[in-house]
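Q: Starting off with a structure, shown below.
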Amino acid sequence: MRGPAFLEKLEAALPGAVTGRNLEALDPWIEVAPERIADVSRWLKESSEPRFDALECVTAVDWCEPDPKKAAKVAWQPRIEMVYHLWSTAARVSLVLKATLPRWKNDTPGELPEIPSVAGVWRTADWHELEVFDISGVNFIGHPDQRRILCPEDWEGYPLRKDYEMPLDYHGIRGR
Amino acid sequence: MISLIGSTPLGGGLFAMGLFTEPVSVAHYLVVGAILFTAGIACMAVKRNALGVLMGIELVLNGANVNFVAFASPYLQAEGSRGLGLDGQVIALFVILLAAAEAAVALAITLNFYNNHATVDVDRADDLKG
Amino acid sequence: MAEFLITTVGLSEWLAWTVTAVIAAVLVLNVIAGGALVFIWAERKIAGRIQDRLGPTRTGGRFGWLQSLADGLKLLAKEDLMPEGADGMLFRLAPYVSFCASFCAFIALPFAFDFIGCRLNVGVFFVVAVLGLEVFGVILAGYASASKWSLFGAMREAAQVVSYEVPLGMCVVVPVMLAGSMDMVTIAEKQAGWFTNWYLFHDPFTFVIFWVYVTCAVASVNRAPFDLAEAESELVAGFHTEYSGLRWSYFFMAEYGSMFLVSAMAAVLFMGGWNGPIPVASLLGLSEGTGDTANYFVRLLGMFNLLGKATLGVLVMMWVRWTLPRLRIDQVMTTCLKYCTPIAAAMFAGAMLWQLFLPGGLVPGLDRPAGEIREGWLEGPGGRGAAAPAASDEKVAQVISSQVNP
Amino acid sequence: MAQLIDDDPRIIEFDVRTDEMLVNMGPQHPSTHGVLRLVLRTDGEVVSEVEPHIGYLHRCAEKIGENLTHRQWIPYTDRMDYLAAMNMNLGWALAVEKLMKYEVSEKARHLRVLIAELNRIASHLVGMGAYGLDLGTFSPFLYAFREREKILDLFEEACGARLTYSYITVGGLTADLPPGWLQKCEAFLDQFEPIIKEYHALLTTNAIFVKRTANIGVMSRELAIEYGCSGPVLRGSGVDQDMRRDGEAIYTAMYDGYAFEVAVMKDGHYPRDHEYPPVPADAVLGDCWHRFFVRMLEVVQSMDLVRQAIDRYSACKGTIGEPLKLTEKMPAGDAYLETEAPKGQMGFYLVSDGSAIPWRVRARSSSFSNLAVAPELCRGCLIADVPAIVGSLDIVMGEIDR
Amino acid sequence: MMAAMSATGLVATALPLAAINWHSTFFLLFAVLACVCAVAVVAADNVVRMALYLVLSLGATAGLFFLAGAEFVGAMQLMIYVGGTLVLLVFGVMLTAQAPFVSIKTAPGDRALAGIVGASLLAVLLLSAFSVEEWRKPAAGVVGEPTATPIGMALLGVRVDEPPAHAPAGVRSGYLLPFEIVSVHLLVVLVAAAYLARAKRRKTPRAIEVAASVEPPASVAAHAAIGREPAGRSGSVLVGGPR
């Protein structure tokens, strides 16, 4: 089952989970309410037709313009966009899920935005989510062992945030 | 090397005693055996480590073996005496074999003790105390 | 040899004995120290050629002759490191324990008929026993290094060497049984003549057990594919991970020394020792009674023969090392306990039965009776062990007959 | 649950009271393929748990990508899987071309296939040789490198570099092949073909090699998919998936007209398996041996593809065309494309706000997902199996840490 | 080694070389090594070092056996005692080689007491060692025949050696019975040691934990039977009509 019909199935199975869509994009995507992402994932993996048994990639895109002059001109709202690329090995089709998070939880800088972890659905999400947490700063609720994976354990800040500034000093090593 | 030994006071003394020049006798071996035996006894008495006690037993048996071999050796016997002959060597052989067997069993016991008590301190092996 | 010097060259007795001793000492020392240098160079050249490259080419002119010497100098100049948590005394002592064990075994190794450090009538037994002591150096090194990788290496070595001593002992016993002596000189002399006299070709069982011996020997000296103790892709460098400089090189020398030793043992036990595939000496008419000079020449020839065979063995070990992957520890133990030991036991029994029922061999003409060629040599010149085997064989037979038929 | 504990062969029973020990394998260790650190929890020789620690080679490639134009980032893709830099270039170039809806010339397309497949051979040679090294045999490593050197010579002649090529670029390739190159390439293929038998003799069919790899680190197809494994690791588990055949149109169009069979075991047979040594009796689908064997088959498959590409390339008239300008603007939007790199599916995700500089760059590396499965495979194995399993995954740290 | 020692002797011209009894010199060397190492076993606290000293002591004793002409016993000592027993011992040490157990300290009081007892025992033993006139006489240095063959024959029950001078006439029994007894004994010990060391099998808590964690999620099994069908060019699931 492909095309809009698939989307209808999804909406029928999980009403209210899909909050947006773009079927004309290069990689057509659907937007999912962040708190429903785990449910949607589970449905896609276990109940949908075709089943999306492989998670290829988890990405966080930081939409933020640190320069105030440019920020006035941009058309979009500052946000964190989670992007999940799914793949069905049986049907050999892909699916892109997106979810929008605030840049900071409750708009308090320093408090990480939260989204349910899908590590319980696809085990590969474990490391991918760790990487997103590490460099983009998103908290995954229900992740088995959330820690820094690429950066050192005591690294401060989330390098792939657009407003990230390299620390001046790390254990006596000059940063900038 | 010998000249070096000879030039030291101790070496000179030993030399004077004829240790370097005289052939050894059975008594020489007996002295070695005695020291090994005593060391073994002391080791058994002193060590709290079960493995240390085991090593003491080995030393004791070894000291006895030295005596057996010394008495058996035709080379060490003085003129006209024949010593124990083959008997001494064969007994020494049996002692070695039995020591190996004993070590295996003792080690097994030690390991078992360690499994149950998480220590090899023989002072703690007092389960049979009433 | 001393007699030769006294009677032919005309040296005084003590000088003759001293010269003999020096030559023997130089021989033994050269094999283990100089030999190690040559073998290390050879290993690099062979590895290079096997791997489609040249190996050392520049040091010392052509072929990189002096590469090992240069390496030795580098090792001398290297800093001697010791880990902080190491047990200093044991750490320092361990390489020498290993080296001494390997070195001591050379005392009883005959290079030719009486080119031997000390002829023991339990020579084979002695060599196997002393070689087994090498494991102590490794265990101590592993324990004292205060490194987990080293400890893994030491434990593997202990398990492996202790296990492989069993089949190795069984393999060694077969030639001992055939020769009726544990004296390595006697064993080798009984195989004198054409290569058909070698115990390797004595009967099918000895032929099989030779290969079991080769396997066990490679395992007991820790060469690939049994180099579990230093498995570089798993344990970094195993028991010598923490060693550097000169101390490390002692382990290396011990390894090459033992390699040579087990190869020479194989030569003596199964391949006639210094008695060549072709009895050049007797073909030339240089047999017993042609004079001391001739005798001396024959012995020199024999020494090169044995060195050649042993070197061949070492080279084969190198070839194997650069060809095969490494086994896993459980597979190493399986090889020993499930394959080598039963095969060795069966072959031992087979060789025993063969000796009982077919003492003359299948083709009597091919297999000349042992000791026929140079009977006189077994009694040999001087030395308290030397005259013994033949004499006591006789006596044993005499006593047995007297006791069986009173 | 109790049933599971009693029956699970991975549960080890101990005769003697023992303690578990934590051992660091790496980051400086001969067989961790770069700076990978594995923390092993062992009981004697038995490994109960393996925890990989990565990040020692993290170079912020994605952050750098947000500050360079699409073509300027090509050299950074070189440094991801530096053993297959051409394939990395190709993946990124195709992702950008997908976003820009750009199509390269026919000649460039065949040249890309030619170069990418040649680099696949080189990468698999390293993977194969290094795997031998992990198992303690040194010579096959050098035999593999000897042949790889010849491929590098060819690359050097084509683009001037031996490791980090930046040859395939957005909009085509930086240069056409020099004259006489194709003949040299064919000469290489001809002399390389018989050498593969040598590799099979030294490794694939070697009794010790089989003992060390067969039935070790068995990964079921479900587990492989669950962990997002790809490439030979996935195909070694019997999953019939190859992006060159199953991928998106823009990538598979590159291979239009090429004949090749995906190297995967179907119904107990590999494609053309009569030409190769038989599968050993104790090998189980999904074990280290099969992962290794799939790589060996892909070497032959790639040679075939290179030959086909040479024919098609030389049949094309004209030039390969010019690559895009460095500052060529991209349309706003995002694009994700996975290509079949030697190590597995290399995905590039690209978000653009309409300028020449991407807003966000994401590299989904195959080794990253492939390594994540290592703890699962290493549970309950022996220490010696850890290098065997990690080596069979054929990881490159440059790609994992990026 | 012997040869090397004589080589060093060549340069030692200061002493009358002929006067030196090499046998005695080597005896002294091995005897000192054996005794010093035996005492070191008692003095050492670290169990691994104790094992090392014991090896050296036993090895030196083997040297003494060789010097006494008991080559077979010496080789046996090296092989079984030093090689076998001590490797076993080292295994024991390693199995228990954790910091608290490696060195269990002895109380100084115990040490002093043992010293006194040991010294008096040693005195008695030494006294008895020198008590018999015959034992003190220097050896005649009669080179005996090698003993490997006679021992081997004797173990099979056939004596080929000369009887001792004071042996009663007619008693020339071999050692077949003791040999058999020892063999059976060794077998029993082998079985017993294996039985004793084989404690009740236990699972480590860790293993149980691991077992719990390896249970696959239910979802994995559900996917075992995904059918395969060749698909065309892939794309997003959201593109194209229902198939």
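Q: Looking at D:Ala384, is it open to solvent by less than 10 Å² (accessible area, probe 1.4 Å) and either touching a residue at least 60 places away in the same chain (Cβ under 8 Å) or at negative phi (or both)? Before you say what the answer is, go through the steps one by one.
A: Values: open to solvent by less than 10 Å² (accessible area, probe 1.4 Å): yes; either touching a residue at least 60 places away in the same chain (Cβ under 8 Å) or at negative phi (or both): yes.
So D:Ala384 fits the description; yes.
Q: Separate question: Could you look through the range C:214-247, keep only residues that are of a type in the set (D, E, K, R) and within 14 Å of chain D (Cβ to nearest Cβ), and pick out the one that is surrounded by the most Cβ atoms within 10 Å (Cβ to Cβ)? Step through it out loud before you land on a result.
A: Residues of the range C:214-247 of a type in the set (D, E, K, R): C:223, C:227, C:230, C:232, C:234, C:242, C:247.
From the residues that got through so far, the ones that are within 14 Å of chain D (Cβ to nearest Cβ) too are C:223, C:227, C:230, C:232, C:234, C:242.
Numbers: C:Arg223: 20, C:Asp227: 24, C:Glu230: 23, C:Glu232: 17, C:Glu234: 30, C:Glu242: 22.
Among them, the one singled out is C:Glu234.
Q: Could you pull out the residue among A:Gly157, A:Gly172, A:Gly142 that is under 25 Å from D:Val361 (Cβ atoms) and more than 8 Å from every other protein chain (Cβ to nearest Cβ)?
A: Working: A:Gly172 fails: under 25 Å from D:Val361 (Cβ atoms); A:Gly142 fails: under 25 Å from D:Val361 (Cβ atoms).
Step by step, each of A:Gly157, A:Gly172, A:Gly142 is checked, and only A:Gly157 is under 25 Å from D:Val361 (Cβ atoms) and more than 8 Å from every other protein chain (Cβ to nearest Cβ).
Q: Which of the following residues is more than 13 Å from every other protein chain (Cβ to nearest Cβ) and under 18 Å from the mean Cα position of the chain (by Cα): D:His110, D:His70, D:His124? Outline the logic, then answer.
A: Numbers: D:His110 fails: under 18 Å from the mean Cα position of the chain (by Cα); D:His70 fails: under 18 Å from the mean Cα position of the chain (by Cα).
Within the list D:His110, D:His70, D:His124, the selection yields D:His124.
Q: Considering D:Ala187, D:Ala161, which residue is over 22 Å from D:Glu399 (Cβ atoms) and open to solvent by 10 Å² or more (accessible area, probe 1.4 Å)?
A: Values: D:Ala161 fails: over 22 Å from D:Glu399 (Cβ atoms).
Exactly one of D:Ala187, D:Ala161 is over 22 Å from D:Glu399 (Cβ atoms) and open to solvent by 10 Å² or more (accessible area, probe 1.4 Å), namely D:Ala187.
Q: Would you mind finding the one in E:Val102, E:Val117, E:Val132, E:Val158 that is within 30 Å of B:Val120 (Cβ to Cβ), aliphatic (A, V, I, L, M) and at pLDDT 70 or above?
A: Working: E:Val102 fails: at pLDDT 70 or above; E:Val132 fails: within 30 Å of B:Val120 (Cβ to Cβ); E:Val158 fails: within 30 Å of B:Val120 (Cβ to Cβ).
That would be E:Val117, the only listed residue that is within 30 Å of B:Val120 (Cβ to Cβ), aliphatic (A, V, I, L, M) and at pLDDT 70 or above.
Q: Let me ask something else. In the range E:27-41, what residues are facing another protein chain (nearest Cβ under 7 Å) and either modelled with pLDDT of 85 or more or closer than 19 Å to B:Ala100 by Cα (or both)?
A: Taking the range E:27-41 as the starting set, the residues that turn out to be facing another protein chain (nearest Cβ under 7 Å) are E:27-28, E:31, E:34-35, E:38-39, E:41.
Selection gives E:Ala31, E:Ala34, E:Cys35, E:Ala38, E:Val39, E:Val41.
Q: Would you mind finding the one in C:Ala141, C:Ala159 that is more than 30 Å from C:Leu358 (Cα to Cα) and surrounded by fewer than 23 Cβ atoms within 10 Å (Cβ to Cβ)? Steps first, answer last, please.
A: On the way: C:Ala141 fails: surrounded by fewer than 23 Cβ atoms within 10 Å (Cβ to Cβ).
Step by step, each of C:Ala141, C:Ala159 is checked, and only C:Ala159 is more than 30 Å from C:Leu358 (Cα to Cα) and surrounded by fewer than 23 Cβ atoms within 10 Å (Cβ to Cβ).
Okay, residues lined up against (1) surrounded by fewer than 22 Cβ atoms within 10 Å (Cβ to Cβ); (2) assigned to a loop (DSSP other than H, G, I, E, B); (3) of a type outside the set (Lys, Arg):
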site	(1), (2), (3)
A:Leu112	yes, yes, yes
A:His143	yes, yes, yes
A:Pro152	yes, yes, yes
A:Leu160	no, yes, yes
A:Met166	yes, yes, yes
A:Arg176	yes, yes, no
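Q: Now a separate question. Looking at the range A:1-54 only, could you name the residues that are assigned to a helix (DSSP H, G or I), open to solvent by 60 Å² or more (accessible area, probe 1.4 Å) and among the aliphatic types (A, V, I, L, M)?
A: Within the range A:1-54, A:Ala12 is the sole residue that qualifies.
This table checks each residue for (1) crowded, with 17+ Cβ neighbours inside 10 Å; (2) more than 22 Å from the chain's Cα centre (by Cα); (3) without any contact (Cβ under 8 Å) to a residue 24 or more places away in the chain.
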site: D:Pro140; (1), (2), (3): yes, no, no
site: D:Tyr143; (1), (2), (3): yes, no, no
site: D:Ile168; (1), (2), (3): yes, no, no
site: D:Ile195; (1), (2), (3): no, no, no
site: D:Thr205; (1), (2), (3): no, yes, no
site: D:Thr213; (1), (2), (3): yes, no, no
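Q: Further question on the same structure: Filter the range D:326-381 for residues that are without any contact (Cβ under 8 Å) to a residue 60 or more places away in the chain and either assigned to a loop (DSSP other than H, G, I, E, B) or more than 13 Å from D:Gly228 (Cβ to Cβ) (or both); which is nearest to the other protein chains (Cβ to nearest Cβ)?
A: Once the filter is applied, the top-ranked residue is D:Val351.
Q: Same structure again: Take the range D:25-63 and flag every residue that is assigned to a strand (DSSP E or B), within 23 Å of D:Gly127 (Cβ to Cβ) and open to solvent by 30 Å² or more (accessible area, probe 1.4 Å).
A: Matches in the range D:25-63: D:Arg37, D:His53.
Q: Please go through the range D:226-269 and pick out each residue that is within 11 Å of chain A (Cβ to nearest Cβ), open to solvent by less than 10 Å² (accessible area, probe 1.4 Å), touching a residue at least 60 places away in the same chain (Cβ under 8 Å) and among the hydroxyl-bearing types (Ser, Thr, Tyr).
A: Listed by number, the list holds a single entry, D:Ser230.
Q: Oh, and also: Just checking, how many residues over the range D:379-396 are over 17 Å from D:Lys211 (Cα atoms) and under 21 Å from the mean Cα position of the chain (by Cα)?
A: 4
Q: Sticking with this one: For the range D:73-106, which positions are open to solvent by 50 Å² or more (accessible area, probe 1.4 Å), assigned to a loop (DSSP other than H, G, I, E, B) and either within 11 Å of another protein chain (Cβ to nearest Cβ) or in contact with a helix residue (DSSP H, G or I) (Cβ under 7 Å, 6 or more places away or on another chain) (or both)?
A: D:Arg79, D:Lys101, listed by residue number.
Q: Separate question: Name every residue in the range E:1-17 that is facing another protein chain (nearest Cβ under 7 Å), surrounded by fewer than 17 Cβ atoms within 10 Å (Cβ to Cβ) and either modelled with pLDDT of 75 or more or outside any loop (DSSP other than H, G, I, E, B) (or both), in order of residue number.
A: Within the range E:1-17, E:Met2, E:Thr8, E:Leu10, E:Leu17 qualify.
Q: Being part of a helix (DSSP H, G or I), more than 12 Å from every other protein chain (Cβ to nearest Cβ) and either within 23 Å of C:Lys309 (Cβ to Cβ) or open to solvent by 40 Å² or more (accessible area, probe 1.4 Å) (or both) is the filter here; which residues of the range C:93-123 pass it? Outline the logic, then answer.
A: Filtering the range C:93-123 for residues part of a helix (DSSP H, G or I) gives C:93-108, C:123.
Imposing the further condition that a residue be more than 12 Å from every other protein chain (Cβ to nearest Cβ) reduces the set to C:95, C:98-99, C:102.
Of everything in the range C:93-123, just one residue is part of a helix (DSSP H, G or I), more than 12 Å from every other protein chain (Cβ to nearest Cβ) and either within 23 Å of C:Lys309 (Cβ to Cβ) or open to solvent by 40 Å² or more (accessible area, probe 1.4 Å) (or both), namely C:Ser102.
The values are calculated or read from the model by the stated rules, or taken from the named source; none is laboratory data. This one's a predicted model, so the numbers in the text were calculated from it and none came from an experiment. Here the Cβ is made from the backbone with ideal geometry for all residues, glycine too, and neighbour counts use every protein chain on show. Just so you know, the surface numbers come from the protein's heavy atoms only, side chains and all, with ligands and any DNA or RNA stripped out. Shrake-Rupley method; radii C 1.70, N 1.55, O 1.52, S 1.80 Å.
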